[in-house]
Structures are given as C-alpha cells and as structure tokens.
Amino acid sequence: TTIDGHTDKVWALDLAQDGKTLVSGGADSRIVVWQDSTKEEEDAKRDAEEQNILMEQQLSNHLRHKEYKQALEIALELDKPRQALKVT
C-alpha cells in the first residue's frame, strides 16, 4: 500500500513520543515526516460553523428590523442568494 508522499510501497512507520508526528519510509527511498493536524482542522471547521451561525442570526435580525442594506450585505457574504431575495 502507498500513502500520499510515497510513490511506492511503505515499508516502515514510526510514531514519535509526542503522538502527533509519524515518520514513514518506503521502497521509493524516501523518508516522509507527517504531522497530525486533525485538531487544528476540526477547530477551524468549528470556528467557521460558529461564524456562519452568527452571521445568519445577524441577517435574521436585520431583516426583522427592516435594516435591508445590512441584511443584503450579509446575505451576499454568506452566498445565499435566496436570502438576498428576501431583502428586496
């Protein structure tokens, strides 16, 4: 089996003591150092989802208060054209 970073079979794997670094060696004569970025990616995804929820709430509030300019700006920023139609 090959993994990204290798063009031939992987013959050796070693996990560093920090639990986040993996080293692989393969038949392609390459040694590749891998860093686990799962937590950072999950944090970024969660932050983006939270930001999206906040913006949708702001959009709803602007529509309720008939603040159409601000609502339109947020709808377009969220890339929600149907919401933009509600503004007009």
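The values are calculated or read from the model by the stated rules, or taken from the named source; none is laboratory data. Quick caveat, the model's predicted, so the values are computed rather than measured. Using ideal geometry, Cβ is built from the backbone for each residue, glycine included, and neighbour counts are taken over all protein chains shown. Remember, those area values only see protein heavy atoms, side chains included, never the ligands or the DNA or RNA. Shrake-Rupley method; radii C 1.70, N 1.55, O 1.52, S 1.80 Å.
Structure notes:
- Acute angle (nearest 10 degrees) that the helix 68-77 long axis makes with the longest principal axis of the chain, alpha-carbon atoms: 20
- What you get for the chain, charging only the Cβ of Lys and Arg (+1) and of Asp and Glu (-1), is a dipole of about 580 debye around the Cα centre.
- Using alpha-carbon coordinates, inclination of helix 38-64 to the longest axis of the chain, degrees: 10
- Computed over protein heavy atoms with a 1.4 angstrom probe, the accessible surface ordering of GLU40, GLU77, largest first, is GLU77, GLU40.
- Residue-level accessible surface for LYS39, protein heavy atoms, 1.4 Å, Å²: 120
- DSSP bridge pairs, the chain: antiparallel proportion in percent, nearest 5: 100
- Accessible surface calculations at 1.4 Å, restricted to protein heavy atoms, place the chain at 81 Å² per residue.
- Portion, in percent, of the accessible area of the chain that falls on carbon or sulfur, probe 1.4 Å: 52
- 5 Å binning of all Cα-Cα separations within the chain, expressed as whole percents from 0 upward: 3, 13, 15, 11, 8, 7, 6, 6, 8, 9, 8, 5, 1, 0
- Per-residue ellipticity at 222 nm, computed for the chain from helices alone with -39500 (n - 2.57) per DSSP H run of at least four residues, works out to -16500 deg cm²/dmol.
- Accessible area of GLU56 in the full protein assembly, 1.4 Å probe (Å², nearest 10): 70
- VAL23 contributes an accessible area of around 50 Å² to the protein surface, as traced by a 1.4 Å probe with all chains present.
- Chain lengthening between GLU67 and MET55 when straightened (0.36 nm per residue, less Cα-Cα): 2.9 nm
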